[in-house]
Amino acid sequence: MLLIHCPYCDETLPEAEFAYAGQAHVLRPQDPSAQTDEQWEEFLFIRENPKGPHFERWRHQHGCGRFFNAVRDTVSDKFLTTYRAGAPRPDLASLTESLT
Amino acid sequence: MSRYRVAGKGRVETAQPVDFTFDGRRIRGLRGDTVASALLANGIHLMGRSFKYHRPRGPVAAGSEEPNALIGTRRGKGQFEPNTRATVQEIWDGLETTSQNKFPSLTWDIGAVNDAAYMLFSAGFYYKTFMWPKSFWDKVYEPFIRAAAGLGVSPSEEDPDSYASRYLHCDVLIVGAGPAGLAAARAACAEGLRVVLVDENSEAGGTLLSEPQARIGGTPAWVWLAQELAALRAAGVRVMTRTTAIGYYHQNMIGMVEKLTDHLPQQPADTPRERMWRVRAKRVVLAQGALEKPLVFHGNDRPGVMLAGSAQTYLNRYGVLVGRQPVVLTSHDSAWYAAFDLADAGAKVQAIVDTRATVRPDLRAEADRRGIPVKLSHTATASSGRLRVASLRINPVLNGTVGAAATIRCDAVLMSGGWTPSLHLFSHTRGSLAWDEDLTTFLPKDTPEDCVIAGASRGLWGIAAALQDGAEKGRAVAADLGAAGIARAYEVQDDRPGQGESRRELPTDRDPGRAKAFVDYQNDVTAKDLRLAVREGMRSIEHVKRYTTNGMATDQGKMSNINGLNIAADALGKAPPQVGLTTFRPPYTPTSFGAFAGYHRGAHFEVTRKTRIDSWAEDYGAVFEPVGQWRRAWYFPEAGESMDDAVRRECVATRASVGMFDASTLGKIEVVGPDAVEFMNRMYTNPWTKLAPGRCRYGLLCGDDGFIRDDGVIGRMTEDRFHVTTTTGGAARVLTMMEDYLQTEWPDLQVWLTSTTEHWATIALNGPNAAKLLAPLVDGVELTEAAFPHMSCVDCTVAGMPARLFRVSFTGEIGFEVNVPAPMGRRLWQILWDAGQPYDICAYGTETMHVLRAEKGYIIVGQDTDGTVTPHDAGLSWAVGKAKPDFVGKRGLARPDLTAKGRKQLVGLLTEDQSRLEEGAQIVFDPNQPLPMKMVGHVTSSYHSDAAGRPIALALVEGGQDRMGETVHIPMHDRVIAAKITGMVFVDPENARLKL
């Protein structure tokens, strides 16, 4: 079972308290009606499937209830970092560097 | 004392006889024996029949890796366990054990014809033998396979034992309490580190238990062991025996199963049978030791043929000679010591047969001193004997040529093909392995976990090396955790390190195609099968494994994987590291379902949510149905009533006068804040701005893809406060969806969301007399058409209780929903029930609620919709606020596929023959078309309707809303039913009955 750091509670807690919530940084457009069908398809359905670091959302479902973002390596299943919703994407290079 | 028990040897208690039964026969062992050691002490090697060929088998090992000696154990009623390893099960007075895979008896077994017909059962026989004729599959092959498949017999009674579950947090977890583990614990237990040492055996010590000759710092091994364990316990180390680390999971989480009662004659009343530990360790030291490899030759599975190291264990730990005239067959030094130990205990060792041309002079000298004949550069080509080995056929090998055979009479063959590190848990960490050319085995390399591996499990042989490595690894992990661990130095006398060579099949002078040289004993896989798999095109070791089933039995390939790999690699013409090892997966040893289930069984398997009114329904004889986690009153049968009768009576009574219904399970969410109305506008399809406080509205929730997610009546209590109701099953999902949008898309909105589902008890009153019943009890609002019209809501007092009152209808009748604080629910229910008696009030359940709403064409999300239905498909276009600039689902609803013609749409169906359709039945336009017919929809709801005077149904039909009046067909197994497409409202389409 993974241990996940909730950036709101500032606690590292077992995975069972958390729920996965899909890819991160998929922004809902300000005016969806102005979107073309292709753009809307992109927003609704098209997701990354990387082998390596993945930006994704988690929710501290059985804790504070907050949604937050995380970078998880899909190969090692290790969390490189977690950060609050709305915070900018962390720099991947510095994250993977700190691992080695 | 029996013929095979050696006085003064072993750790068993000679003065404590223990009687148990094996296949009904009484067997006497000693306290400290396992079933296997006790049977061996009585001269019994035959303990079971093999899986595929039903060949007679005896124990080949002495520990948890045992593939052959699997037995059923019975401790009491319902306490039967199949496939218990006889080498692990400790005996006690009264234990009942049985052999497996035999009929009618262990010594005379009909299934053994499979052995003669072995040509039929070669690798991949499932795919070949049972191919033709096709008609044989159902009647011949499948019943045969099903009858023959499986090991042992499943228990048929409910397990009366209890199983526990615990968490454990520690600094250092050490798996394996042999010399390496003990030394690691001693080195790491400094400075208050929490150290846990676990071992699957009944006592700690590992190899030391089998090698009492060794002395550590001058102290005999067993004395040293006792002193060391006492010292560790004194230092605060938690030593856990009979505890198996079954799996290594992410971030140093280790699953461990502790067996607490299987070894006890009397079960303590308050002790669980097993306890599952979920351990989170800062550092893990794996010191699991090594497993001895069998040698692969024809007849290497005959009872009496066993691993040399195991024979040594039986002698030194249990005081049992596995044979009085053993032959030792080896490619490794270690088996020589087994020969010496058995000879010193009185056995007449017939010969030491070694595949190697030269051995260490000191070993040779020791053999000579004992008068043991030595045969170097020899191979074994066969064993013989019916139910027990009687002789071994050996041949000299000179320059690769197998010479003339000689036969050695014997009653046991002790074999050793060398040792392979136990890499199972390391492999669970996704650790990488490196091939060691000198040891011809895989050794652990890197792991992503905070874990180190010590002793024989990384290829270090001998007690001294294990102690030294364990001490160093223990010190290192302590240092890693900021403590100054102490790595002491150990001096070991009479240590027995050794070397050997790794073999594939032993060379033979016979047709290798006819050899039954077993690699995987438990799944009956021979060397020939592995080579056949490669010849038939299997290239990956994973394919070879699955095709032959090598390593796939419950022993997880503990003894077979490396031999299997070496043979497959040879057949492929590749080096073993290029072929690679198959993956070991948890659990390390077979684990009971009980240990995994823990407390989660029976009523504790899942939460049952009950409303505050549930107890009344139970008292009143309701039949319940599960809805999500809730149990809800389904219907309230009176004496002798069927479900149909009861539902019909409830429906009629409600429409005739008044019915009451426990609606407390409805999901409720309080949406509050200055931006509450804006939030509601964005979430729900409907417009909310113009909804006045005190009024309510049917709300529809879509996803951004445009499909219906949920629905419910939503009341605006004040300007900034909405009382949102959701479907019973959708409450948590809807709140999560709201939180998601609020937190991540619109964090600027000033809105707070609170789940209030269990805050309120909700009672629905429906029927023409509902207002008359309720009005006298209500303070704060007049229940008139003018003061409190349909779709109103208000905070008021009902029967003296603070209440939130809604005038809504899910039945088409005058309806009220009274919400009171949950603890008051049953009291209000009783008051309303009593007040309703003059009106012949009727309590109704969910089935009647379903019928009444279907008569009005009100949909149930999840029954009439399935996640691909839009508001337009459901006939709910009126609930979509087209003028709003945006809401969740607005853009989705404009997707070309959602506006296309021919979508499945919700309609009513009336059968021509007045029969009731089956929910889920498929619909076609043309019943005469050839098979397979084009299905154009399905029935979503179907009931008998008393109000409509006939059965009614709702259905999703392709283009349904444009097909009013058309006939569709529902093919059933016995006939085709014709039905006419209609609107969805079957009762009171003018809504006249809603008015006071």
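The values are calculated or read from the model by the stated rules, or taken from the named source; none is laboratory data. Remember, it's a predicted structure, so these values are computed and weren't measured experimentally. Quick reminder, even Gly has a Cβ in these numbers, built from the backbone with ideal geometry, and neighbours come from all protein chains shown. For accessibility, only protein heavy atoms count, side chains too; no ligands or nucleic acids. Shrake-Rupley method; radii C 1.70, N 1.55, O 1.52, S 1.80 Å.
Which residues, counting only those in the stretch B:862-893, are more than 44 Å from the chain's Cα centre (by Cα), open to solvent by 40 Å² or more (accessible area, probe 1.4 Å) and within 14 Å of chain A (Cβ to nearest Cβ)? If the condition is that a residue be more than 44 Å from the chain's Cα centre (by Cα), open to solvent by 40 Å² or more (accessible area, probe 1.4 Å) and within 14 Å of chain A (Cβ to nearest Cβ), then B:K882, B:A883, B:P885 are the ones that fit.
Determine whether A:F45 is open to solvent by less than 60 Å² (accessible area, probe 1.4 Å) and within 12 Å of chain B (Cβ to nearest Cβ). Criteria not met by A:F45. From the set of residues in the stretch B:233-270 that are under 17 Å from B:C170 (Cα atoms) and basic (K, R), which is farthest from the other protein chains (Cβ to nearest Cβ)? The residue in question is B:R233.
Please work out if B:V607 is modelled with pLDDT under 95 and either outside any strand (DSSP E or B) or more than 30 Å from B:T244 (Cβ to Cβ) (or both). Walk me through how you get there before you give the answer.
Numbers: modelled with pLDDT under 95: yes; either outside any strand (DSSP E or B) or more than 30 Å from B:T244 (Cβ to Cβ) (or both): yes.
Yes: the conditions hold for B:V607.
Beta carbons closer than 9 Å, at least 6 apart along the sequence or on distinct chains, pair a first residue in the stretch A:15-34 that is more than 10 Å from every other protein chain (Cβ to nearest Cβ) and assigned to a strand (DSSP E or B) with a second that is open to solvent by less than 70 Å² (accessible area, probe 1.4 Å) and of a type outside the set (V, I, T) for A:Y20/A:E56; A:Y20/A:R57; A:Y20/A:W58; A:Y20/A:R59; A:Q23/A:H54; A:Q23/A:F55; A:Q23/A:E56; A:Q23/A:R57. Go through B:G8, B:G72, B:G76 for me and flag whichever is assigned to a loop (DSSP other than H, G, I, E, B) and either aliphatic (A, V, I, L, M) or within 28 Å of the chain's Cα centre (by Cα) (or both). When all the criteria are applied, what remains is B:G76. On inspection, B:E678 qualifies as surrounded by fewer than 21 Cβ atoms within 10 Å (Cβ to Cβ), charged (D, E, K, R) and out of contact with any Lys or Arg (no Cβ under 7 Å at 6 or more places or on another chain).
Residues that are crowded, with 20+ Cβ neighbours inside 10 Å and more than 24 Å from B:A835 (Cβ to Cβ) are absent from the stretch B:601-624. Figure legend. Inter-residue proximity from the stretch B:71-87: first residues within 19 Å of B:L39 (Cα to Cα), second residues outside any strand (DSSP E or B) and among the β-branched types (V, I, T), beta-carbon distance below 6 Å, spacing 6+ or different chains. Indicated pairs: B:P82/B:V153; B:A86/B:V35.
Of all residues in the stretch A:65-96, those satisfying the criterion of being part of a loop (DSSP other than H, G, I, E, B), open to solvent by 60 Å² or more (accessible area, probe 1.4 Å) and within 11 Å of chain B (Cβ to nearest Cβ) are A:R66, A:V75, A:K78, A:G86.
Candidates in the stretch B:589-600 are the residues that are of a type outside the set (S, T, Y) and open to solvent by 30 Å² or more (accessible area, probe 1.4 Å); of these, the one that is farthest from B:E847 (Cα to Cα) is B:P590. Against the numbered list (1) surrounded by fewer than 22 Cβ atoms within 10 Å (Cβ to Cβ); (2) at pLDDT below 95; (3) in contact with a strand residue (DSSP E or B) (Cβ under 9 Å, 6 or more places away or on another chain), B:R49 comes up short only at (1). The listed residues are B:D740, B:D645, and the only one of them that is over 30 Å from B:G875 (Cβ atoms) and either within 14 Å of chain A (Cβ to nearest Cβ) or in a helix (DSSP H, G or I) (or both) turns out to be B:D645. Considering B:E437, B:E472, the condition of being at pLDDT 95 or above, of a type outside the set (A, V, I, L, M) and open to solvent by 40 Å² or more (accessible area, probe 1.4 Å) is satisfied by B:E472 alone.
Each residue in the stretch B:896-933 was checked for being open to solvent by less than 30 Å² (accessible area, probe 1.4 Å) and either under 30 Å from A:Q30 (Cα atoms) or within 14 Å of chain A (Cβ to nearest Cβ) (or both), and 1 of them qualify.
Taken over the stretch B:23-69, the criterion of being within 12 Å of B:S99 (Cα to Cα), within 29 Å of the chain's Cα centre (by Cα) and aliphatic (A, V, I, L, M) is satisfied by B:V35, B:A69. The one condition from (1) within 37 Å of the chain's Cα centre (by Cα); (2) crowded, with 20+ Cβ neighbours inside 10 Å; (3) in a strand (DSSP E or B) that B:T754 does not meet is (2).
For the condition within 25 Å of B:Y858 (Cβ to Cβ) and at pLDDT 95 or above, B:V987 qualifies. The C-beta contact set for the stretch B:271-298 (first residue within 14 Å of chain A (Cβ to nearest Cβ), second residue among the aromatic types (F, W, Y) and surrounded by fewer than 23 Cβ atoms within 10 Å (Cβ to Cβ), distance under 8 angstrom, 6+ apart or interchain) comprises B:M276/B:Y163; B:M276/B:F596; B:W277/B:Y167; B:R278/B:Y167; B:V279/B:Y167; B:R280/B:Y167.
If you go through the stretch B:395-418 one residue at a time, do you hit one that is in contact with a Phe, Trp or Tyr (Cβ under 6 Å, 6 or more places away or on another chain), open to solvent by less than 10 Å² (accessible area, probe 1.4 Å) and of a type in the set (A, V, I, L, M)? Within the stretch B:395-418, none of the residues are in contact with a Phe, Trp or Tyr (Cβ under 6 Å, 6 or more places away or on another chain), open to solvent by less than 10 Å² (accessible area, probe 1.4 Å) and of a type in the set (A, V, I, L, M).
Would you call B:A184 away from chain A (no Cβ under 14 Å), crowded, with 24+ Cβ neighbours inside 10 Å and either in contact with a strand residue (DSSP E or B) (Cβ under 6 Å, 6 or more places away or on another chain) or not in a helix (DSSP H, G or I) (or both)? So B:A184 passes the test.
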